[in-house]
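First comes the structure, then the notes that go with it.
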Amino acid sequence: MQHKSSYNGQNNQNIMASILQSLPRESSLTKIEYEGPNIALYSDHPAYLLEHSQIISNMVNTLKKRIVIRTDESIRKQESDTLEMLMNNISKEIRIDNTFFDHALGEAVIYVKNPFGLTSAIEGNNYKIVEETGWKMKFRKKPSNMHVMEYIHKILFASTDERIQFYKDVGERIFRSKLDDSPAEASIVTLGGFAEMGRSAILLSTHESKILLDCGLNLFAKEPMDMLPRMDISGIGINDLDAVVLSQAHLSHSGSLPFLFKYGYDGPVYCSEPTLPLMNMEQDNYVRNLGRDAMYSFTDIEKLVVHTIPLNSNVVTDISPDVKLTLTNSSHILGSSMMHLHIGNGDHNIVYTGEMRFRDSVLFNKPTSNFPRVETLIIESTYGNKEDIFPDYELSVQHFVDSINSALTSRGTVLIPTPHIGLAQEISIIIDRHIGLGRIIKADVLVEKAIADVSSIYEVYSDYLSGEMNNRVNQAEKNPFQSKYFTIVESYLLGSEPAIIISPLFTKDGGPTLHYLKQLSQRQENKIILTSYQMPGSIGRFIQEGGRQISIGGQEIELNTTVEVIGGLDVHSDYGQLISFVSRLKQKLRRVLVNHGERSRVQNLATSINRMLKIQTQHPLVLEAIKLV
């Protein structure tokens, strides 16, 4: 890893000395290593530190650093012996199906078929398992499709030595002494996603750090210059970046990130655990769909996987000498996060919402607004117009159910184009539930494979869902993502019987949804139901605005189907919810910056916040610099 300047190791030595003084001899410490933002304590008797967790808690409170316990390589048993020992300690009903051993971290990820009751099954044996095998265990539900997780684990395994060195380099960079003692300064430069949709990117600069918040892509941009964040501006060198932090997996927030690695970035990328496999799927599909026209390759995506450091939610983490990061659930899609950035010694605090839904949903609990401090808020405005008020959620669901039934009653087929990460999973759950309750007429429910593949990641990381949904996913007979009513298809040739089709939003070349549209376009009894925000320049937006003559890829389609737009189901906040979120933070705020929205919506939300809440509010354009402190 390249560094923009040398660092003083005195601070590192002080940290290590303090740890050594705090640990009793019984901890059997063999070494202390930096592990990215963590300080890793290696022991050949790890059970002692695991059982006496208060020792570590006291140390964390004193040092204000994240500390993890690792097993010394000398006590790690062979993988086959570890698996045998694990089988002897866990009920056969739980069914271990796949295991992946991460030699860089000394962790084993265990995928089980039936995780329900797993906690009680290993309770009391956890320390024993670690002590006897030398491996710390992470248990996950085995999804219906293991392909993506297997691919990521394969990359991580092949890069073990590289990752060990990478983690050390990142840690040395984070925990170095500060370059100077000047009063804190912080500013941002808007690189993308301001007064526009897509290519979200913000550069945060301090005396000590340059941190990129999101690195998105706009596939629907009319001009090539508007597709990528404006990393070309003077003063930004790729190797000057200390870190990249991602709010979520959608290409509009993560799609340009492999492009950085293509041109030499080799620093860390921080995000939630589910964001890694989800963004990998998004970027992989992008390269497969565009082929030689893609701006990066599978090799660049693999570099990104190696350099990604997933973080747990609600945990404060040092990501540079003067910036601490906390991710909190934004309830937009699986793993989507708001970022709380604590600069210096509390000199300034930023909350960047990314995309946020400020209410409960079928999958997630309402996100928190309880931040200890926040002076600057950067908030999205996808639905920032005063008239962007969603109907009551239950009424929207009923409208959706009635709309499906009306088409099926007329012997029509329903096509539901939806973002394949996020809303597609919620739509699937609504349909599964209402067919089960007898409220939707029984018909074939055809789910495109791209959506089913994403749903499998929701199964793996179900602990990021609401408690109720987590329990359902982990009980085989109740798992809504493996519904008995669903058939997984790929660009299916439709028959004469009515059906419900859940397919990804139209891509620039149409994608599988165009395949269904061509089959359904001539019958008025068929129906297209639009439930999500449609990007400017997309086919979905054209249809939503009344367009019926579709020209794409040299094909002409005359659309005679019924089109219905249903609000209230989308995975964003409406105007009222955005205002409500800001009002909860009012007493702490000095400034609000509005981004991620069409220009009229950005301007309206900014004006409303300023007028109603009396807070300084700006709606900058791309390539504006704003001094925060």
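The values are calculated or read from the model by the stated rules, or taken from the named source; none is laboratory data. Because the structure is a prediction, the values reported are computed rather than measured. Glycine gets a Cβ as well: all are built from the backbone with ideal geometry, and neighbour counts include every protein chain shown.
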Discussion item. Going by what's in this entry, would Ile129 be described as buried (at least 20 other Cβ atoms within 10 Å of the Cβ), within 21 Å of Val315 (Cβ to Cβ), in contact (Cβ under 8 Å) with a residue 24 or more places away in the chain and not assigned by TED's automatic domain parsing to the domain that holds Asp318?
Written reply: no
Discussion item. If a residue must be part of a loop (DSSP other than H, G, I, E, B) and in contact with a helix residue (DSSP H, G or I) (Cβ under 6 Å, 6 or more places away or on another chain), how many such residues does region 484-504 contain?
Written reply: 5
Worksheet item: Which residues, taken from region 358-403, are closer than 30 Å to Ala499 by Cα, of a type in the set (Val, Ile, Thr) and in contact with a Ser or Thr (Cβ under 9 Å, 6 or more places away or on another chain)?
Response: Val362
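Taking the criterion of being of a type in the set (A, V, I, L, M), surrounded by 14 or more Cβ atoms within 10 Å (Cβ to Cβ) and within 20 Å of Thr275 (Cβ to Cβ), would at least one residue in region 77-87 satisfy it? Give the derivation first.
Of all residues in region 77-87, those of a type in the set (A, V, I, L, M) come to 83, 85-87.
Keeping just the survivors that are surrounded by 14 or more Cβ atoms within 10 Å (Cβ to Cβ) gives 83, 85-86.
Then keep just the ones that are within 20 Å of Thr275 (Cβ to Cβ); that gives none.
No, region 77-87 contains no residue that is of a type in the set (A, V, I, L, M), surrounded by 14 or more Cβ atoms within 10 Å (Cβ to Cβ) and within 20 Å of Thr275 (Cβ to Cβ).
Look through region 190-218, keep the residues that are charged (D, E, K, R) and surrounded by fewer than 23 Cβ atoms within 10 Å (Cβ to Cβ), and return whichever of them is farthest from the chain's Cα centre (by Cα).
Looking only at region 190-218, we keep the residues that are charged (D, E, K, R), and these are 196, 199, 208, 210, 214.
Pick out the ones that are also surrounded by fewer than 23 Cβ atoms within 10 Å (Cβ to Cβ) and you get 196, 208, 210.
On the way: Glu196: 21, Glu208: 27, Lys210: 22 Å.
Once the filter is applied, the top-ranked residue is Glu208.
Scanning region 332-373 for residues that are of a type in the set (S, T, N, Q) and in a loop (DSSP other than H, G, I, E, B), which turns out modelled with the lowest pLDDT?
Taking region 332-373 and keeping what is of a type in the set (S, T, N, Q), we get 336-337, 345, 349, 353, 361, 365, 368-370.
So of that shortlist, the ones also in a loop (DSSP other than H, G, I, E, B) come out as 336, 345, 353, 361, 365, 368-370.
Working: Ser336: 98, Asn345: 89, Thr353: 98, Ser361: 93, Asn365: 95, Thr368: 95, Ser369: 96, Asn370: 94.
Taking the candidates together, the pick is Asn345.
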Worksheet entry | Candidate set from region 63-99 (those that are in contact with a helix residue (DSSP H, G or I) (Cβ under 7 Å, 6 or more places away or on another chain) and of a type in the set (Val, Ile, Thr)); member that is nearest to Val109 (Cα to Cα) | Thr99
Worksheet item: Can you tell me which residue in region 168-189 is modelled with the lowest pLDDT, limited to those that are surrounded by fewer than 20 Cβ atoms within 10 Å (Cβ to Cβ) and of a type in the set (Lys, Arg)?
Response: Lys178
Fill in: Options Asn385, Asn329; residue that is at pLDDT 95 or above, under 25 Å from the mean Cα position of the chain (by Cα) and over 30 Å from Arg523 (Cβ atoms)
Asn329
Fill in: Complete set of residues in region 506-533 that are touching a strand residue (DSSP E or B) at 6+ places or on another chain (Cβ under 9 Å), more than 14 Å from Val414 (Cα to Cα) and not in a helix (DSSP H, G or I)
Phe506, Lys508, Asp509, Gly510, Ser532
Worksheet item: From the set of residues in region 263-301 that are part of a loop (DSSP other than H, G, I, E, B) and hydrophobic (A, V, I, L, M, F, W, C), which is farthest from Glu35 (Cα to Cα)?
Response: Ala294
Worksheet entry | Condition check for Leu493: hydrophobic (A, V, I, L, M, F, W, C) and either free of Cβ contacts under 8 Å to residues at least 40 places away in the same chain or surrounded by 22 or more Cβ atoms within 10 Å (Cβ to Cβ) (or both) | yes
Fill in: Per-region count, region 69-95, residues over 23 Å from Lys31 (Cα atoms) and either aromatic (Phe, Trp, Tyr) or not in a helix (DSSP H, G or I) (or both)
3
Worksheet item: Any idea which of (1) surrounded by fewer than 18 Cβ atoms within 10 Å (Cβ to Cβ); (2) touching a residue at least 40 places away in the same chain (Cβ under 8 Å); (3) aliphatic (A, V, I, L, M); (4) over 17 Å from Lys142 (Cβ atoms) is the one Leu437 doesn't satisfy?
Response: (2)
Response to the item:
Taking first residues from region 2-25 that are modelled with pLDDT of 55 or more and second residues anywhere that are in a helix (DSSP H, G or I), the pairs with Cβ under 6 Å that are 6 or more apart or on different chains are Ser22/Met59
Worksheet item: In region 44-68, what residues are within 20 Å of Asp102 (Cβ to Cβ) and free of Cβ contacts under 8 Å to residues at least 60 places away in the same chain?
Response: Asp44, Leu49, Ile67, Val68
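Would you mention how many residues in region 247-257 are part of a helix (DSSP H, G or I), in contact with a helix residue (DSSP H, G or I) (Cβ under 8 Å, 6 or more places away or on another chain) and crowded, with 24+ Cβ neighbours inside 10 Å? Spell out the reasoning first.
First, pick out the residues of region 247-257 that are part of a helix (DSSP H, G or I): 251-254, 257.
From what's left, in contact with a helix residue (DSSP H, G or I) (Cβ under 8 Å, 6 or more places away or on another chain): 251, 254, 257.
Going one step further and asking which of them are crowded, with 24+ Cβ neighbours inside 10 Å, we end up with 254, 257.
Residues meeting the conditions: 2.
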Worksheet item: Does at least one position in region 461-476 carry a residue that is within 28 Å of Ser491 (Cα to Cα), in contact with a helix residue (DSSP H, G or I) (Cβ under 8 Å, 6 or more places away or on another chain), at pLDDT 95 or above and among the aromatic types (Phe, Trp, Tyr)?
Response: no
Worksheet item: For Glu123, are the conditions met, namely being at pLDDT 85 or above, out of contact with any strand residue (DSSP E or B) (no Cβ under 9 Å at 6 or more places or on another chain), farther than 30 Å from Gln165 by Cα and surrounded by fewer than 16 Cβ atoms within 10 Å (Cβ to Cβ)?
Response: no
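Would you mind listing the helices (runs of 4 or more DSSP H) fully within region 416-483 where at least 1 residues are farther than 22 Å from Pro274 by Cα?
Working: elements: 423-436, 449-460, 467-473.
Counting at least 1 such residues, we get 423-436.
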Worksheet item: Which one of the conditions (1) surrounded by fewer than 15 Cβ atoms within 10 Å (Cβ to Cβ); (2) under 28 Å from Glu394 (Cβ atoms); (3) not β-branched (Val, Ile, Thr) does Tyr533 fail to meet, given that it meets all the rest?
Response: (1)
Response to the item:
Residue set Val148, Val170; condition in contact with a helix residue (DSSP H, G or I) (Cβ under 7 Å, 6 or more places away or on another chain) and of a type in the set (A, V, I, L, M, F, W, C); output residue Val148
Worksheet item: All but one of (1) crowded, with 24+ Cβ neighbours inside 10 Å; (2) not in a helix (DSSP H, G or I) hold for Leu260; which doesn't?
Response: (2)
Discussion item. Criterion first (assigned to a helix (DSSP H, G or I) and either crowded, with 21+ Cβ neighbours inside 10 Å or touching a strand residue (DSSP E or B) at 6+ places or on another chain (Cβ under 7 Å) (or both)) does Leu304 satisfy it?
Written reply: yes
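Name the one entry in Asp266, Asp240 that is in contact (Cβ under 8 Å) with a residue 40 or more places away in the chain, closer than 20 Å to Arg163 by Cα and surrounded by fewer than 24 Cβ atoms within 10 Å (Cβ to Cβ). So that I can check it myself, show each step before the final result.
Numbers: Asp240 fails: closer than 20 Å to Arg163 by Cα.
It is Asp266.
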Practice prompt. Only residues that are in contact with a helix residue (DSSP H, G or I) (Cβ under 7 Å, 6 or more places away or on another chain) and not small (Gly, Ala, Ser): list them for region 286-306, please.
Written response: Tyr286, Val287, Met295, Tyr296, Phe298, Asp300, Ile301, Glu302, Lys303, Leu304, Val305, Val306
